[in-house]
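What follows is a single structure, written as structure tokens, with notes after it.
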Amino acid sequence: DVGCATCITAGETAEKAKGFPTLRIEEIMPEDGNDPEGNLTLNRSDPDAEGYILSTSGSTGKPKGVVHRQEMLNCAVETLCDVIKAPERSRALNIAGFSFIAGLTDIMPMLTKGGSVYIASETERKNMDMIHNLFSKRQITGMFCPPQMYTVLRKLYGPLPLEYVLLM
């Protein structure tokens, strides 16, 4: 829908990108992580340039890709890092899919400021007991949480042992 020139992908996910050119990370990433020729250097282009694409169904119910500017993500990261105490020591729990802005909300502030992210498995995401157990098991300090899930977690377990919960 967004007219991508290339899809960057990894592993078996490349099978889903049929119909347009793909760049598989395994094809360019050296196995030892050494990159003497600088092939993996990021292009720090204009903040007004396209930065990423998220899939949304919006109000129509029909999935479509939406292009976002690089500045939007930067603004979100900086704002969240101002709100989250000590993001460099934070450990976020990611329960949102990568194709949603909420997924970026959990991941990007932590990774850009030195914190950690635990990415919940599909099984964990669907199980309130498992999510609650992850708080102590993985020393989670915060997370994005849909309001409905937050309400259920609070009813089941009372106050959550987290420094922050972002509701969207």
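Readers should treat all values here as calculations from the given coordinates under stated rules, not as data from a laboratory. All values derive from a computational prediction rather than experimental measurement. Counting neighbours? That spans all protein chains shown, and the Cβs are built from the backbone with ideal geometry, glycine included.
For a straight C-alpha distance cut-off of 29 angstrom, the lysines reachable from LYS113 (same-chain residues fewer than eight places away being disregarded) are LYS85, LYS126, LYS137. Maximal additional length on extending the TYR150-THR79 stretch stands at 23.4 nm, based on 0.36 nm per residue less the C-alpha distance.
Within the stretch 110-161, all pairs of alpha-carbon atoms sorted by distance into 5 Å bins from zero give the percentages 4, 17, 31, 27, 14, 6, 1.
Once the Cβ-Cβ distance between ASP48 and ALA17 is put in as r, and R0 is 30 Å, what FRET efficiency do you end up with, to the nearest 0.05? Before the final figure, lay out the partial values.
Details: r = 26 Å, r/R0 = 0.88.
It comes out at approximately 0.70.
Extension gain, ARG89 to GLU27: 0.36 nm times the residue separation minus the Cα-Cα distance gives 19.0 nm.
Using the Cα centre of the stretch 67-116 as the reference point, and only Cβ charges (+1 on K/R, -1 on D/E), how large is the resulting charge dipole? Debye, rounded to the nearest 20. Provide the component values of the computation, followed by the final result.
Details: 5 positive and 5 negative charges, 30 e Å.
It works out to roughly 140 debye.
Look at the dipole of the stretch 45-168 built from charges on Cβ: of THR112, GLN148, GLY51, the Cα furthest out on the positive end belongs to GLN148.
Excluding same-chain neighbours fewer than eight residues apart, the lysines reachable from LYS16 by a Cα-Cα span under 22 Å are LYS62, LYS64.
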